[in-house]
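Working notes for the structure below.
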Amino acid sequence: MTEHAAPKDAKDAKEPAAPLPDGPYGKFLKEHGINSKRHPDSKGVSGAVENIEIDRADLVSALKFLRQDPEVGLDYLVAVSGVDNLNSFDSVYHLWSFTSASELVVKICAAREEAADNKLVPVPSITNFWPAANWHERESYDLVGIRYVGHPYLRRILNPWDWDGHPLRRDYKQPVDALNDKNPHSFR
């Protein structure tokens, strides 16, 4: 015999979660005049990894503070990636400290409406002070359609230069050609 769950009352519905308190990196940025929103921690090499979201306008100064402060010393840019979420386009930065073996994930979220009519979401480039971001930003541009403003050479890196669209976007339509037409004689 199976039991059926009783209908939920309005009082049983989940209440919105309270904002998470600032972690050590969020507190550090707040001390320097940069507000952040904390997201749930993820797991990393060194244990729990603090995840924060900051405003696009604060990206460059926040990453400079996090990199140059001797106590924080997040001196290694592990990756920059682009994500097409349900409601936003995100540029995600994974930072690492060699001295303290700690990690931080910084997110820049742009509302989906900013990408209406095939527009590219603008995010400041960090290649001027973190050269390792160059190819990472090009990949996010190519696959997700995030335009890194100030990038020295923003062009496609994985797809041909004349490729139409950005393949990792939710609204991307795969073109039909000889490689993906489901023909039994095709290469795929």
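Number of residues in region 95-111 that are outside any strand (DSSP E or B) and either under 14 Å from residue 79 (Cα atoms) or in contact with a Leu (Cβ under 8 Å, 6 or more places away or on another chain) (or both) equals 2.
Need the failing condition index for residue 126 against (1) crowded, with 21+ Cβ neighbours inside 10 Å; (2) within 13 Å of the chain's Cα centre (by Cα), just the number. All conditions are met except number (2).
Among the strands (runs of 3 or more DSSP E) confined to region 32-93, the ones with at least 2 residues that are more than 20 Å from residue 151 (Cα to Cα) and free of Cβ contacts under 8 Å to residues at least 40 places away in the same chain are located at 36-44, 47-54.
Kindly check whether there is at least one residue in region 108-124 that is at positive phi and free of Cβ contacts under 8 Å to residues at least 60 places away in the same chain. Yes: one or more hits. The residue of region 101-114 that is least open to solvent (accessible area, probe 1.4 Å), among those that are over 15 Å from the mean Cα position of the chain (by Cα) and farther than 18 Å from residue 52 by Cβ, is 101. I need the full set of residues from region 148-167 which are touching a strand residue (DSSP E or B) at 6+ places or on another chain (Cβ under 6 Å) and either open to solvent by 100 Å² or more (accessible area, probe 1.4 Å) or modelled with pLDDT under 85 (or both), in order please. None - no residue of region 148-167 is touching a strand residue (DSSP E or B) at 6+ places or on another chain (Cβ under 6 Å) and either open to solvent by 100 Å² or more (accessible area, probe 1.4 Å) or modelled with pLDDT under 85 (or both), so the list stays empty. Quick check on region 72-81. Is at least one of its residues open to solvent by 50 Å² or more (accessible area, probe 1.4 Å) and either of a type in the set (A, V, I, L, M) or farther than 24 Å from residue 28 by Cβ (or both)? Looking for residues that are open to solvent by 50 Å² or more (accessible area, probe 1.4 Å) and either of a type in the set (A, V, I, L, M) or farther than 24 Å from residue 28 by Cβ (or both), one finds at least one in region 72-81, hence yes. Can you find, within region 1-40, the residue that is modelled with the lowest pLDDT among those that are open to solvent by 70 Å² or more (accessible area, probe 1.4 Å) and acidic (Asp, Glu)? Only one residue tops the list, namely 3.
The values are calculated or read from the model by the stated rules, or taken from the named source; none is laboratory data. All values reported here derive from a predicted model rather than from experimental measurement. We place every Cβ from the backbone using ideal geometry, glycine too, and count neighbours over all the protein chains shown. Surface areas here come from the heavy atoms of the whole protein model, side chains and all, with no ligands, DNA or RNA. Shrake-Rupley method; radii C 1.70, N 1.55, O 1.52, S 1.80 Å.
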